[in-house]
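Contents: one structure, followed by commentary.
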Amino acid sequence: MRSVSVIGIGETKMGRLSGRFLKDLITEAGNKAIEDANIQKEMIQALYMGNFNASYWSTQSHMGPLAAETLGLGTIPTIRTEGACASGSLAFREGLIAVGAGVYDIVLVGGVEKMTHRATETITTGLASAADCELEANMGATFPSLFALIANRYFHEYSNIRKEMAMAAVQNHENALLNPNAQMQKKITVEDVYKGFPVASPLTVFDCSLITDGAAFVVLAATDVAQKLGLTRSVKVIGSAQASSALTLAGKKTITSFESTLRAADAAYKQAGIKPKDVDLAEVHDCFTITQIINTEDLGFFPKGQGGKALAEGKTARDGEIPINTSGGLKAKGHPIGATGLSQIYEVVTQIRGEAGDRQIKKADIGLTQNLGGTAATCVINIFSGR
Amino acid sequence: MSQKGKIYTFSILSAASEDFVAKLPYVIAIIESDGKRFLTRIDNYNENMKIEVGSEVELAGEENGVPLCKVV
């Protein structure tokens, strides 16, 4: 496969964007990415769109042509990818494979979700469809409750990391304060997390990611094509892998470590020719605080059972040994489901370019994104390099 | 499952999807029985009940072909 680079990025502000709907979000983020790439729209040969559940929340399917028409991309081929919260990363990976294989030279990849116009129960029902409908959702399991099951089992197998989970939320809120695109611009304390509404024990509302409207886009090009065009701010994709595990939580061998992450990480690190210690920053899938801690262990940044302790020691802070979720993460930047994976890439590319402003970390040569769908039934990991 | 099993992990819910709001609060648990695991709902939960990993449960009927359990 030939080398592929990210040549342009764009995203909306994340949040409760009242009066703004799918096409409006697509227009803003898509055009920002195309302008950032400094290319003409006619050069885009295909469009890959990540979207989870506009079919249910906005009665809008057929997202590919909707986005292509909205952005004025003419008759190019387009497709929607759906893999729950990993929908955006799946779109990215499909675009990457097509450019890498030489099918196209330049493609646009986008993700979008509109959620806040629906009642919380309707959002919860829509999200629960990412689990096994018969064995989980129809028994009354919600996504917070599935990750609550994971947390309580983790407490049993390793140690009670309730406090460290709260600290993850506090840290992500602090990072979001420095991200103008973040939904939450509010400092919180460990006590606030404890006192939050007990959605599904041991998780309170402050352990949960946000309900968010937003879109994020990236432009991908063959690296040699980007060089010929004289694009100097491009960032190489040096590793990309995807893996799955059982859709049901009860069907997984273990629920305190995600097999899909372990397999995808192993493949991505091998492709990139690096070890976990070589990664300068990572955006990991913090759909819930427990998930962030498990992910940092599964990605090899910390030994199993030590992720909470490492976070409490400041190792994942912006000035720590491996800054995690400098954007504020799903917890505080926001979680516009279909756009989330691309928004993670937006942050990593921004950091590698050295354009992250007040939240810029000192050394950002190699960055990683990890995006999960469901209870880690889908995992996509990408590794980026500015060198 | 046989008539009895043990709680592998559990959660007490205070928020639910549309069809389950009326049942709140209720417990979702993964039960281990005869070396197999499955997800269930425990409807006889009340705030005085002590539930922990390892607690014994028994079959209490089924719903849509999936077993429901109660804490023994």
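What strands (runs of 3 or more DSSP E), lying completely within the stretch A:3-94, carry at least 1 residues that are within 22 Å of the chain's Cα centre (by Cα) and closer than 21 Å to A:GLN183 by Cβ? First the steps, then the outcome.
Working: elements: A:4-11, A:47-50, A:78-81.
The qualifying strands (runs of 3 or more DSSP E) are A:4-11, A:47-50.
Pick out the one residue from A:ILE322, A:ILE293 that is under 22 Å from A:GLN351 (Cβ atoms) and either of a type in the set (Lys, Arg) or assigned to a loop (DSSP other than H, G, I, E, B) (or both).
Working: A:ILE293 fails: either of a type in the set (Lys, Arg) or assigned to a loop (DSSP other than H, G, I, E, B) (or both).
So the residue among A:ILE322, A:ILE293 that is under 22 Å from A:GLN351 (Cβ atoms) and either of a type in the set (Lys, Arg) or assigned to a loop (DSSP other than H, G, I, E, B) (or both) is A:ILE322.
Considering the stretch A:241-258 alone, what residues qualify as being among the charged types (D, E, K, R) and without any contact (Cβ under 8 Å) to a residue 40 or more places away in the chain?
Listed by number, the list holds a single entry, A:LYS253.
Do we find a residue being assigned by TED's automatic domain parsing to the domain that holds A:VAL219, under 28 Å from A:ALA332 (Cβ atoms), surrounded by fewer than 24 Cβ atoms within 10 Å (Cβ to Cβ) and modelled with pLDDT of 95 or more anywhere in the stretch A:36-49?
Checked the stretch A:36-49: at least one residue is assigned by TED's automatic domain parsing to the domain that holds A:VAL219, under 28 Å from A:ALA332 (Cβ atoms), surrounded by fewer than 24 Cβ atoms within 10 Å (Cβ to Cβ) and modelled with pLDDT of 95 or more.
So B:ASN64 passes all but one of these: (1) among the polar types (S, T, N, Q); (2) surrounded by 13 or more Cβ atoms within 10 Å (Cβ to Cβ); (3) at the interface with another protein chain (Cβ under 7 Å from one of its Cβ atoms). Which condition number does it fail?
Failing condition for B:ASN64: (2).
With hydroxyl-bearing (Ser, Thr, Tyr) and either assigned by TED's automatic domain parsing to the domain that holds A:ALA84 or open to solvent by 40 Å² or more (accessible area, probe 1.4 Å) (or both) as the only criterion, which of A:THR291, A:THR254, A:THR261 stands out?
The match here is A:THR254.
Could you count how many residues in the stretch A:340-378 are farther than 26 Å from A:ASN53 by Cβ, not in a helix (DSSP H, G or I) and not β-branched (Val, Ile, Thr)?
Adding up the residues that qualify gives 10.
Quick check on A:LEU229: is it out of contact with any Lys or Arg (no Cβ under 9 Å at 6 or more places or on another chain) and not assigned by TED's automatic domain parsing to the domain that holds A:GLY334?
Criteria met by A:LEU229.
In the stretch A:102-188, which helices (runs of 4 or more DSSP H) lie fully inside it and hold 2 or more residues that are among the polar types (S, T, N, Q) and surrounded by fewer than 21 Cβ atoms within 10 Å (Cβ to Cβ)?
The qualifying helices (runs of 4 or more DSSP H) are A:120-128.
Quick check: is even one residue across the stretch B:47-58 part of a loop (DSSP other than H, G, I, E, B) and within 7 Å of another protein chain (Cβ to nearest Cβ)? Explain how you work it out, then say what you get.
First, the residues of the stretch B:47-58 that are part of a loop (DSSP other than H, G, I, E, B): B:47-55.
Keeping just the survivors that are within 7 Å of another protein chain (Cβ to nearest Cβ) gives B:53.
Checking the stretch B:47-58: at least one residue is part of a loop (DSSP other than H, G, I, E, B) and within 7 Å of another protein chain (Cβ to nearest Cβ).
Within the set of pairs 6 or more residues apart or between chains, which connect a residue that is within 11 Å of B:LYS70 (Cβ to Cβ) and within 7 Å of chain A (Cβ to nearest Cβ) inside the stretch B:24-43 to a residue that is part of a loop (DSSP other than H, G, I, E, B) and open to solvent by less than 50 Å² (accessible area, probe 1.4 Å) with Cβ atoms less than 7 Å apart?
Pairs found: B:ARG41/A:GLY140.
Just to verify a result, which residue in the stretch A:199-236, among those that are more than 23 Å from the chain's Cα centre (by Cα) and assigned to a helix (DSSP H, G or I), is surrounded by the most Cβ atoms within 10 Å (Cβ to Cβ)?
A:ALA226
Mind checking whether some residue in the stretch A:41-49 is in contact with a Pro (Cβ under 7 Å, 6 or more places away or on another chain), in contact (Cβ under 8 Å) with a residue 24 or more places away in the chain and not polar (S, T, N, Q)?
So far as the stretch A:41-49 goes, yes, one or more of its residues are in contact with a Pro (Cβ under 7 Å, 6 or more places away or on another chain), in contact (Cβ under 8 Å) with a residue 24 or more places away in the chain and not polar (S, T, N, Q).
Filter the stretch A:294-316 for residues that are among the basic types (Lys, Arg) and either open to solvent by less than 10 Å² (accessible area, probe 1.4 Å) or in contact with a Ser or Thr (Cβ under 8 Å, 6 or more places away or on another chain) (or both) and give the result.
A:LYS304
Within the stretch A:351-368, identify whether any single residue is at pLDDT 95 or above and within 10 Å of the chain's Cα centre (by Cα), and answer yes or no.
Within the stretch A:351-368, the subset at pLDDT 95 or above is A:351-368.
If we keep only those that are within 10 Å of the chain's Cα centre (by Cα) as well, we get none.
No, that holds for no residue.
The values are calculated or read from the model by the stated rules, or taken from the named source; none is laboratory data. If you're wondering where the values come from, they're calculated on a predicted model, not measured in any experiment. Methodologically, a virtual Cβ is constructed for each residue, glycine included, from the backbone with ideal geometry; neighbour enumeration extends over all protein chains shown. Just so you know, the surface numbers come from the protein's heavy atoms only, side chains and all, with ligands and any DNA or RNA stripped out. Shrake-Rupley method; radii C 1.70, N 1.55, O 1.52, S 1.80 Å.
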